[in-house]
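**Student:** First, the structure itself, so that you have it in front of you.
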Amino acid sequence: MNIGYWRISTSEGKQNNERQIISLKEAGCDERFIFGDEITGTSNYGDRPELSKCLTMLREGDTLVIHELDRLGRSMVEMLVEVNKLLERGINIKTLDGRLDTATMPEEIVKLIVGVMGYAGEMELKGIRKRCSEGRAVAMNKGVKFGRKRQYTQGQEAQVIDMRTQGNGYGSIANAMGLNVSKVRRILANNGVK
């Protein structure tokens, strides 16, 4: 039996699971036996509930059908371990990009392909992280602010500073303003007031 698995990193923005689901159906996977997670490829296997269901359902002689091998993960070591576990259970793996079909390939070639593709996935992830980091640095240099938006007004900020310069303590300022002490300290620190 063909059992399919899809994964997308997020449902927000550009990623959509339809392409993978359609491909899995066309490859002979019954809709009832197609599983999928919306989670990053760097997540642990145990953090993917649908993958866990899929792996549990697979029996000797079944084929796990995935769009590409990186749908299983982006860590070469983890991918090799999981693929080996499946092969030891007598489960075949087939990617719809045509790069892997363990039913028709010798085991040595399968391990080589999984190793190379796992390494490529790991390198792609490192490249993505590097580009994101560079993009954040450029944005910060342009003055883009990251993190949570301020949860207080400029008027509240001025009042906190005024109360502190009058000698009020952090706790009394926080109680009077309806803020917590850490927020009062942050406002004062951001404005160079002790």
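Each value in this text was obtained by applying a stated rule to the coordinates, not by laboratory testing. Just so we're clear, the structure is a prediction, and the values are computed from it rather than from any experiment. Reconstructed Cβ throughout: ideal geometry from the backbone, glycine too, with neighbour counts over all protein chains shown.
**Student:** If the convex hull of the alpha-carbon atoms of segment 117-165 is projected onto planes in all directions, what is the mean projected area in square nanometres?
**Tutor:** Computing the convex hull of the Cα atoms and averaging its projections yields 5.6 nm².
**Student:** Still on this model: Testing the spin-label approximation: label points 7 Å from Cα along Cα→Cβ at GLN151 and GLU50. State their distance in nm.
**Tutor:** If labels sit at GLN151 and GLU50, their model points lie 3.3 nm apart.
**Student:** Another question, if that's okay. If each residue of separation counts as 0.36 nm, what is the full-extension length gain between LYS194 and THR40 once their alpha-carbon separation is subtracted?
**Tutor:** This chain segment gains 51.2 nm when fully extended.
**Student:** Over the chain, calculate the relative contact order: mean separation of alpha carbon pairs under 8 Å at least 6 apart, over the residue count, as a percent.
**Tutor:** RCO, the chain: 16 percent.
**Student:** Let me ask something else. In terms of modelled amide H atoms, which long-range or inter-chain residues lie less than 5 Å from the amide H of MET105?
**Tutor:** For MET105, whose amide H was placed from the backbone, there are no distant partners under 5 Å.
**Student:** Please enumerate, by chain and number, the lysines with C-alpha under 17 Å from the C-alpha of LYS85, excluding those fewer than 8 residues away in the same chain.
**Tutor:** Answer for LYS85, where 17 Å is the Cα cut-off: LYS53, LYS94, LYS111, listed by chain and number.
**Student:** Which aspartates and glutamates, if any, have their Cα less than 16 Å from the Cα of LYS149, not counting same-chain residues under 8 positions apart?
**Tutor:** GLU157
**Student:** Exactly which GluC sites (Glu not before Pro) in segment 43-74 are in a DSSP loop and have at most 14 other Cβ atoms within 10 Å?
**Tutor:** Hits after loop and neighbour filter: GLU60.
**Student:** Find the eigenvalues of the gyration tensor of the Cα atoms of segment 20-79, then list the square roots of 5 times those eigenvalues as equivalent ellipsoid semi-axes, largest first, in whole angstrom.
**Tutor:** Equivalent-ellipsoid dimensions as semi-axes: 19, 13, 12 Å.
**Student:** Which Cα, out of HIS67, LEU87, TYR152, lies furthest along the positive dipole direction of the chain (beta carbon charges, K/R +1, D/E -1)?
**Tutor:** Of the options given, the answer is TYR152.
**Student:** Still on this structure, I have one more. If I take all pairs of Cα atoms in the chain, what percentage of them are more than 30 Å from each other?
**Tutor:** 45
**Student:** What nm distance separates the two modelled labels at ASP97 and ARG129, each placed 7 Å from Cα along Cα→Cβ?
**Tutor:** Taking the two extended label points, one gets 2.0 nm.
**Student:** Treating only the Cβ atoms of Lys and Arg (+1) and Asp and Glu (-1) as charged, compute the dipole magnitude of the chain about its Cα centre; round to the nearest 20 debye.
**Tutor:** 1540
**Student:** Give me the angle, in degrees from 0 to 90, between the Cα long axis of helix 76-88 and the longest principal axis of the Cα atoms of the chain, rounded to the nearest 10.
**Tutor:** That helix lies at roughly 40 degrees to the long axis.
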